[in-house]
Amino acid sequence: MDKMTEVGLNLLAAVLIFVIGRFVAKTIKKLIARSMGKTKVDPVLISFTCNFGYSALMVFVILAALSRLGVQTTSFIAVIGAAGLAVGLALQGSLSNFAAGVLMVIFRPFKIGDFIDAGGVTGIVRDIHIFTTTLNTPDNKRVIVPNSKIMGDSITNFSAEGTRRIELIASISYSDDIDKAEEILMDEIKKESRILPEPAPTVGLMEMGDSSINFVVRPWVKVPDYWNVYFALNKAIKKRIEAEGMTIPFPQRDVHIYQEQ
């Protein structure tokens, strides 16, 4: 009778452990889903995290219930650990990509539509998945980059700030008037309506080169206007310099020939 009572109590305790543990696991699953949903995390990541966490908790609950029944769970734990190690080694690359995808979703270094340079690829972000990120290059090639490669290197986001600074080099000859050249360059900047007034554009004498005086032209534009303004301003500066009678010199060297007596 005592033995049966002991077995019955252990069985009841195991059932209670399983029922209560299952309830706690479901509650934690809902809390995780609710908290991650508030941060606008990818639904795929929410589902995966919730299911993974629930499964892990249920494994511990089942082991605790079996242990209460007197079942030796050491061997089960060893088998689960060995299986987990084997799966981890087999999926090492995929798990690395997954971890990088989770970090990307949490820290948001870029978003869909941004123009970035990451993982050795430059392009517009089209899709962000758990394991890979899809980019479209400027010549419209689709490149799928593993997330671990992106997060393992530096990321340059050209769209994050909303504005970019153009940097052009305008050259004149040593015989030209540098003050007049500076006025011409500022005038061409003012004519371009897409250039932003703030931050203020700058024009400065950058260097006295081997065969030319080089000015640097640095206006600010909105990110979508960058290349259009870059090309248009280059063309306008070249035409204006020629129209004002100035010259854009070619590299040249003076050669002196001496004749021995």
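The values are calculated or read from the model by the stated rules, or taken from the named source; none is laboratory data. This structure is a prediction, so every number in the text was calculated from the model and none was measured. Backbone-built Cβ (ideal geometry, glycine too); neighbour counts: all protein chains shown.
Evaluate the stretch 207-230: report whether one residue or more is in the same structural domain as residue 113 (by TED's automatic domain parsing), charged (D, E, K, R), in contact with a Ser or Thr (Cβ under 7 Å, 6 or more places away or on another chain) and within 30 Å of residue 106 (Cα to Cα).
no
If you go through the stretch 91-104 one residue at a time, do you hit one that is at pLDDT 85 or above, in contact with an Asp or Glu (Cβ under 9 Å, 6 or more places away or on another chain) and more than 30 Å from residue 10 (Cα to Cα)?
So far as the stretch 91-104 goes, no, none of its residues is at pLDDT 85 or above, in contact with an Asp or Glu (Cβ under 9 Å, 6 or more places away or on another chain) and more than 30 Å from residue 10 (Cα to Cα).
Does residue 236 qualify as being more than 14 Å from residue 169 (Cα to Cα) and of a type in the set (A, V, I, L, M)?
no
Would you mind listing the strands (runs of 3 or more DSSP E) fully within the stretch 179-254 where at least 2 residues are within 15 Å of residue 167 (Cα to Cα) and free of Cβ contacts under 8 Å to residues at least 24 places away in the same chain?
202-208
Mind listing whichever residues of the stretch 210-234 are of a type in the set (D, E, K, R) and either surrounded by 15 or more Cβ atoms within 10 Å (Cβ to Cβ) or in contact with a Lys or Arg (Cβ under 7 Å, 6 or more places away or on another chain) (or both)?
218, 225
Go through the stretch 122-165 residue by residue and tally those that are over 22 Å from residue 222 (Cβ atoms) and of a type in the set (Gly, Ala, Ser).
3
Between residues in the stretch 61-81 that are within 16 Å of residue 12 (Cβ to Cβ) and residues that are of a type in the set (Ser, Thr, Tyr) and at pLDDT 70 or above, which pairs lie under 8 Å by C-beta distance while being six or more apart or on different chains?
none
All but one of (1) in the same structural domain as residue 228 (by TED's automatic domain parsing); (2) within 27 Å of the chain's Cα centre (by Cα); (3) not aromatic (Phe, Trp, Tyr) hold for residue 152; state the number of the condition that does not hold.
Residue 152 satisfies all of (1) in the same structural domain as residue 228 (by TED's automatic domain parsing); (2) within 27 Å of the chain's Cα centre (by Cα); (3) not aromatic (Phe, Trp, Tyr) except (1).
Can you tell me which residues in the stretch 162-200 are among the polar types (S, T, N, Q) and over 30 Å from residue 110 (Cβ atoms)?
Correct list: 171, 173, 175.
Can you tell me which of 142, 164, 126 is on the phi < 0 side of the Ramachandran plot, in contact with a strand residue (DSSP E or B) (Cβ under 7 Å, 6 or more places away or on another chain), surrounded by fewer than 12 Cβ atoms within 10 Å (Cβ to Cβ) and not β-branched (Val, Ile, Thr)?
142
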